[in-house]
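Trainee: Take a look at the following structure, please.
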Amino acid sequence: MSQVPITAAPPPVVARPPGRGGDMRAALTGYAFSAPYLILFLVFLALPILASLILSFTDFSLGDLTAPLGAPFIGLQNYAKLFSDDKFRQAALNTAYFTVVGLLATLVLGLIAALGLNRALGRLRSVFRVGYYLPTVTSIVAIAVIWRFLLDPNFGLINGALKQIGVSGPNWLGNPTLAMPCIIAMAVWRNLGNVMVLFLAGLQGIPEDVYEAARIDGATPWRELLRITLPMLRPTVLFVAVITSIGYLQLFEEPFIMTQGGPLNKTLSVSMYMYQEGFSYFHLGYASSIGYVLFVVIAAVTALQFRLLRND
């Protein structure tokens with residue numbers, strides 16, 4: 001009987017970590033692929049942001065374009081001037097009014113629309129989604145021009161419809177009391193679809209078993225909304241509130257096209273005032289300080305929203 005020769009098993013192959021040369025090659029490859037974006041970011045974003053920060057501490061104006069390094073350094077005078085500038089205070093109040101009222105209206109109406117689409121309409125749900133979302137992807141310039149025509153006191157469709165029932169419509173955009181509410185209404189209408197889609201995604205992520213258990217315990221639809229829907233939508237509410245408030249605090253196109261900041265500066269926003277100072281009057285240093293104050297306000301509002309709405 002022949003015996004099978006016993007051979008020793010080969011030693012296990014131990015994978016060695018790549019050497020420093022391999023790590024260096026991998027890092028260089030990554031930097032090479034990201035280099036186009038990094039270059040564009042530095043040239044068109046990072047450097048202008050840094051330059052505007054430096055400008056905010058100078059009295060840079062149109063005459064300094066030929067010798068920008070010779071602009072007089074004035075420290076914090078631009079920032080101190082802001083708080084004594086009546087026009088800036090009016091712009092800040094207008095922006096705060098627009099943001100608070102517009103944000104609340106957008107959140108409430110967007111949630112109502114999402115709840116309706118999530119629970120009803122059947123096969124027509126997709127049609128209504130598209131209808132709500134279309135204004136979001138439409139050019140804001142085109143929307144503002146159309147709304148300006150609708151609100152025209154002489155030839156507008158709204159006043160024309162009111163005239164048919166014997167009501168004399170007001171000068172919507174020429175009235176200091178009505179101008180900003182009209183702009184808020186347009187902004188809410190335009191952003192409603194985007195907010196609705198985000199809320200709808202959050203609603204569809206809530207397990208149906210939770211609602212079924214609540215109904216077995218006798219919960220009413222109102223208690224389901226307060227005790228289940230809103231608490232479980234908290235991350236979505238936070239995200240929607242942050243992105244919407246950031247956009248509203250940068251209000252510019254709507255008053256620029258519809259009212260030019262009037263009447264009596266009642267629709268002048270901080271961004272529009274910054275544009276006027278920088279590109280109409282060429283007070284570039286002062287305009288830069290306005291931009292950085294707006295940046296600090298946006299950061300503070302965002303931090304406050306995270307503090308109030310985040311899940312502990």
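The values are calculated or read from the model by the stated rules, or taken from the named source; none is laboratory data. The structure presented is a predicted model; accordingly, all values stated were derived computationally and were not measured. We place every Cβ from the backbone using ideal geometry, glycine too, and count neighbours over all the protein chains shown. SASA here: full protein model, heavy atoms, side chains in, ligands and nucleic acids out. Shrake-Rupley method; radii C 1.70, N 1.55, O 1.52, S 1.80 Å.
Condition check ((1) closer than 19 Å to SER269 by Cα; (2) out of contact with any helix residue (DSSP H, G or I) (no Cβ under 9 Å at 6 or more places or on another chain)) across all residues:
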site: ALA142; (1), (2): no, yes
site: VAL145; (1), (2): yes, no
site: ALA161; (1), (2): no, yes
site: GLY166; (1), (2): no, yes
site: PRO170; (1), (2): no, no
site: LEU200; (1), (2): no, no
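Trainee: Is it the case, given these coordinates, that PRO263 is in a loop (DSSP other than H, G, I, E, B), at pLDDT below 95 and over 24 Å from LEU53 (Cα atoms)?
Mentor: Answer is yes for this residue.
Trainee: Quick one: would you say PHE306 is surrounded by fewer than 16 Cβ atoms within 10 Å (Cβ to Cβ), touching a residue at least 12 places away in the same chain (Cβ under 8 Å) and under 17 Å from the mean Cα position of the chain (by Cα)?
Mentor: yes
Residues are listed down the side, and each one gets a yes or a no for (1) open to solvent by less than 20 Å² (accessible area, probe 1.4 Å); (2) modelled with pLDDT under 90:
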{"site": "ALA96", "(1), (2)": "no, no"}
{"site": "ARG123", "(1), (2)": "no, yes"}
{"site": "SER126", "(1), (2)": "no, yes"}
{"site": "MET180", "(1), (2)": "yes, no"}
{"site": "VAL188", "(1), (2)": "yes, no"}
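To keep it simple, each residue is scored yes or no on (1) within 19 Å of the chain's Cα centre (by Cα); (2) among the β-branched types (Val, Ile, Thr); (3) over 26 Å from LYS266 (Cα atoms).
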residue	(1), (2), (3)
SER84	no, no, no
GLN90	no, no, no
GLY102	yes, no, no
ALA113	no, no, yes
GLY131	no, no, yes
THR136	yes, yes, no
SER139	yes, no, no
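Trainee: Which condition number in (1) of a type outside the set (A, V, I, L, M, F, W, C); (2) in contact with a Gly (Cβ under 8 Å, 6 or more places away or on another chain); (3) assigned to a loop (DSSP other than H, G, I, E, B) is the one that ASN154 fails?
Mentor: (2)
Trainee: Filter region 140-159 down to residues that are touching an Asp or Glu at 6+ places or on another chain (Cβ under 9 Å) and surrounded by fewer than 18 Cβ atoms within 10 Å (Cβ to Cβ), then give me how many there are.
Mentor: 3
Trainee: Run down GLY169, GLY218, GLY202 and say which single residue is more than 26 Å from ILE143 (Cα to Cα) and assigned to a loop (DSSP other than H, G, I, E, B).
Mentor: Only one candidate qualifies: GLY218.
Trainee: On to the next question. Suppose we keep only residues that are exposed (fewer than 13 other Cβ atoms within 10 Å of the Cβ) and within 34 Å of the chain's Cα centre (by Cα) within region 52-71. Which one would you say is modelled with the lowest pLDDT?
Mentor: LEU65
The rows are residues; the columns are (1) open to solvent by 50 Å² or more (accessible area, probe 1.4 Å); (2) touching a strand residue (DSSP E or B) at 6+ places or on another chain (Cβ under 6 Å); (3) not in a helix (DSSP H, G or I).
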site: ALA241; (1), (2), (3): no, no, no
site: SER245; (1), (2), (3): no, no, no
site: SER271; (1), (2), (3): no, no, no
site: GLU277; (1), (2), (3): no, no, no
site: PHE282; (1), (2), (3): yes, no, yes
site: ILE290; (1), (2), (3): no, no, no
site: ALA300; (1), (2), (3): yes, no, no
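Trainee: Could you tell me whether any residue of region 273-280 is in contact (Cβ under 8 Å) with a residue 24 or more places away in the chain and of a type outside the set (Ser, Thr, Tyr)?
Mentor: Among the residues of region 273-280, not one is in contact (Cβ under 8 Å) with a residue 24 or more places away in the chain and of a type outside the set (Ser, Thr, Tyr), which makes the answer no.
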